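One structure is given below, encoded as C-alpha cells.
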Amino acid sequence: MRFSFFPMGLLFCVALAGSSTAEEADVRTIHGWVERIEILPEGISLKAKFDTGATTSSLNALNKQRFERNGERWIAFDIIDPEDADNTVRVERPITRNVRILRHDGGFQRRPVVSIGLCIGPHYREEEISLIDRTHLNYQALVGRNHMRGIILVDSAETFLHSPRCRSDADSAADPDTEDHGEPADPGTGPDA
C-alpha cells in the first residue's frame, strides 16, 4: 500500500495547529451569568452579573466625593457591605476618565471611571469600571467585556460556577478553603442589569 506524503503532512499540520489552539483555550474558564467576584486589594466579595453586551464594567458607588491628591483627580465612594447591608465600605481610586452615557430616555449621564482589580474565579485583571448608583438593581457589580476578554466564557444557563481564588500558590496550599464549593443559584427577581 502506498501513502502520499502530502495528505500525511497536511494531517500532521492540522494536528499541530489544533494542539496550540487547545493550549490557548486552557486559560479560559466558563462562568455563569451571575458569579461572585472580589475587589482587590480591599477583598470585597460581591455578586456580579456578567454582561457580554456591555463593554465596560460598572460598580455600585454611593456617596461619591471627588478630590485632588498629589495633583491627580481622585474619587472616594462607598460600596454596600455585602455582609451587612446597613454598613458601607469606603474605597478611593484615581479617576482615569469620565464617560458620557446615553440613557434609555434619550438623556445623557456623566460617570466617573476608575481602574479596579477584580478576582474572577482564578483570574485577576485590573480594568476600568464606571461608577454608578446600582442600588435599584439586583447586583452591585456588572462585569463587562473589558474584564472578561480572553479569559471568561459565559454560560447563560448557569450561575455561581466559580468562587474568587486569586491567591498565590503558597497561600492556596496553606488554605484548604480555596477550592470551589459552588453556591446555590440566586438569579434574583426584578431588574438585573
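So which residues in segment 132-146 are in a loop (DSSP other than H, G, I, E, B) and either crowded, with 18+ Cβ neighbours inside 10 Å or aromatic (F, W, Y) (or both), if there are any at all?
Taking segment 132-146 first, the residues in a loop (DSSP other than H, G, I, E, B) are 133-140, 144.
Matches in segment 132-146: R134, L137, Y139, Q140, G144.
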> Any residue in segment 38-57 that is touching a residue at least 12 places away in the same chain (Cβ under 8 Å), under 22 Å from H162 (Cβ atoms) and exposed (fewer than 11 other Cβ atoms within 10 Å of the Cβ)?
Replying inline: yes
>> Any residue that is at pLDDT 95 or above and among the acidic types (D, E) - is there at least one of those in segment 144-164?
In response: yes
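For (1) crowded, with 21+ Cβ neighbours inside 10 Å; (2) under 12 Å from the mean Cα position of the chain (by Cα), each residue gets a yes or a no:
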position	(1), (2)
T88	no, no
N98	no, no
R103	no, no
R110	no, no
L118	yes, yes
E126	no, yes
S130	yes, no
L153	no, yes
> Which residues, taken from segment 96-127, are closer than 20 Å to I30 by Cα, free of Cβ contacts under 8 Å to residues at least 60 places away in the same chain and not basic (K, R)?
Replying inline: E126
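The values are calculated or read from the model by the stated rules, or taken from the named source; none is laboratory data. What you are looking at is a predicted structure, and each value in this text was computed from that prediction instead of being measured. Cβ coordinates were reconstructed from backbone atoms using ideal geometry, including for glycine residues, and neighbour counts include every protein chain displayed.
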